[in-house]
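**Q** So that we are looking at the same thing, I have put the structure below in structure tokens.
The values are calculated or read from the model by the stated rules, or taken from the named source; none is laboratory data. All of these numbers come straight from a predicted model, not from anything done at the bench. Note that we place each Cβ from the backbone using ideal geometry, even for glycine, and neighbour counts take in every protein chain shown. Remember, those area values only see protein heavy atoms, side chains included, never the ligands or the DNA or RNA. Shrake-Rupley method; radii C 1.70, N 1.55, O 1.52, S 1.80 Å.
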Amino acid sequence: MLSNFEKALGFKLEAFNYLYVLCDYETLLKKNISLENFVNLCKKSDVKIIQYRDKILSIEEQKSNLLYLKSKLNIPIIINDKIDLINYADGLHLGQEDFSKIHKDKKLAIKLIRMKIKDKLLGLSTHNEIEILEANELALDMIGLGAYKNTNTKDVSTILGSKISYLAKISKHPVCAIGGVQINDDIENIRFNVVGSAFYNE
């Protein structure tokens, strides 16, 4: 029987290191890549999930971009942070601090989030054993785990390196490796390689 996540993907998770790409609008502008070019890159690279991040455009423009991505790609489009845009996406990814803003009790936070997003995909960023064990008790579809390596785009206090495989093994949810991940990295116990800038540098 397929999980909610597998139904959204349209296939059973039987392999590892599938490709999950961050569509960070600011990065696209810096690299002079149009949304159309981004879509073409995704099609060529067999991308399985996209997370859309946008800290510069208006909400209306973000809605338009999400609708464009959904119309051109038959894969789940996850929105980063902005629960108000959930109607235009297939899921939501939140950081630990985002959960805390909703409610200090993560189980109650999940219930409140689920009331808004229903059975759409829900991911949570994690960084250590405690956060993964907490996540195991929550109604999530996946977790982000990192940072795997140092990255130029974000200040990272904790680098997991090879420890990421052990941590991924204790998660009951599919694990998406984040932070300094390359497209072809073969990381044990990791279902998805989450790539940002590396996607455009290949």
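**Q** Name the residues in the range 61-103 that are β-branched (Val, Ile, Thr) and closer than 17 Å to Lys118 by Cα, would you?
**A** Ile77, Ile78, Ile79, Ile83, Ile86, Ile102
**Q** Quick check, is Leu85 modelled with pLDDT of 95 or more and either part of a loop (DSSP other than H, G, I, E, B) or of a type in the set (Val, Ile, Thr) (or both)?
**A** The answer is no for Leu85.
**Q** On to the next question. Look at Ile159 and say whether it is farther than 21 Å from Asn80 by Cβ, open to solvent by 10 Å² or more (accessible area, probe 1.4 Å) and assigned to a helix (DSSP H, G or I). Full working, then the answer.
**A** On the way: farther than 21 Å from Asn80 by Cβ: yes; open to solvent by 10 Å² or more (accessible area, probe 1.4 Å): yes; assigned to a helix (DSSP H, G or I): no.
No, not satisfied.
**Q** Further question: For the range 101-147, how many residues are within 22 Å of Ile77 (Cβ to Cβ), open to solvent by 20 Å² or more (accessible area, probe 1.4 Å), in a loop (DSSP other than H, G, I, E, B) and charged (D, E, K, R)?
**A** Within the range 101-147, residues that are within 22 Å of Ile77 (Cβ to Cβ), open to solvent by 20 Å² or more (accessible area, probe 1.4 Å), in a loop (DSSP other than H, G, I, E, B) and charged (D, E, K, R) number 3.
**Q** Right, here's the next one. Is there any pair with a first residue in the range 1-15 that is assigned to a loop (DSSP other than H, G, I, E, B) and a second that is open to solvent by less than 60 Å² (accessible area, probe 1.4 Å) whose Cβ atoms are under 7 Å apart and which are 6 or more apart or on different chains, and what are they?
**A** So the pair list comes out as Lys12/Glu6; Leu13/Glu6; Leu13/Pro174; Leu13/Arg191.
**Q** Residue check: is Lys70 closer than 27 Å to Ala109 by Cβ, in a loop (DSSP other than H, G, I, E, B) and in contact with a helix residue (DSSP H, G or I) (Cβ under 8 Å, 6 or more places away or on another chain)?
**A** Against the criterion (closer than 27 Å to Ala109 by Cβ, in a loop (DSSP other than H, G, I, E, B) and in contact with a helix residue (DSSP H, G or I) (Cβ under 8 Å, 6 or more places away or on another chain)), Lys70 does not qualify.
**Q** List pairs: first in the range 156-174 and over 11 Å from Gly146 (Cα atoms) and small (Gly, Ala, Ser), second modelled with pLDDT of 95 or more and not in a helix (DSSP H, G or I), Cβ under 8 Å, 6+ apart or cross-chain?
**A** Close Cβ pairs satisfying both conditions: Ser171/Thr126; Ser171/Ile143; Ser171/Leu145.
**Q** Quickly run through the range 174-184 and pick out the residues that are out of contact with any Lys or Arg (no Cβ under 9 Å at 6 or more places or on another chain) and surrounded by fewer than 24 Cβ atoms within 10 Å (Cβ to Cβ).
**A** Here is the first cut: in the range 174-184, the ones out of contact with any Lys or Arg (no Cβ under 9 Å at 6 or more places or on another chain) are 178, 183-184.
Result: Ile183, Asn184.
**Q** Something else: Which one of the conditions (1) part of a loop (DSSP other than H, G, I, E, B); (2) of a type in the set (Asp, Glu); (3) open to solvent by less than 40 Å² (accessible area, probe 1.4 Å) does Asp98 fail to meet, given that it meets all the rest?
**A** Here Asp98 clears every test but (1).
**Q** Still on this structure, I have one more. Going by the conditions given, is Lys43 of a type in the set (Lys, Arg), surrounded by fewer than 20 Cβ atoms within 10 Å (Cβ to Cβ) and part of a loop (DSSP other than H, G, I, E, B)? Give the steps one after another, and end with the answer.
**A** Values: of a type in the set (Lys, Arg): yes; surrounded by fewer than 20 Cβ atoms within 10 Å (Cβ to Cβ): yes; part of a loop (DSSP other than H, G, I, E, B): no.
In short, no.
**Q** Please identify the pairs in which a residue from the range 176-192 that is under 17 Å from Leu140 (Cα atoms) and at pLDDT 95 or above has its Cβ atom under 8 Å from the Cβ atom of a residue that is surrounded by fewer than 22 Cβ atoms within 10 Å (Cβ to Cβ) and aromatic (Phe, Trp, Tyr), counting only partners at least 6 apart or on another chain.
**A** So the pair list comes out as Ile190/Phe16; Arg191/Phe16; Arg191/Tyr18; Phe192/Tyr18.
**Q** How many residues are polar (S, T, N, Q), open to solvent by less than 70 Å² (accessible area, probe 1.4 Å) and either in a helix (DSSP H, G or I) or within 14 Å of Leu73 (Cα to Cα) (or both) when one looks only at the range 16-40?
**A** Final tally of qualifying residues: 2.
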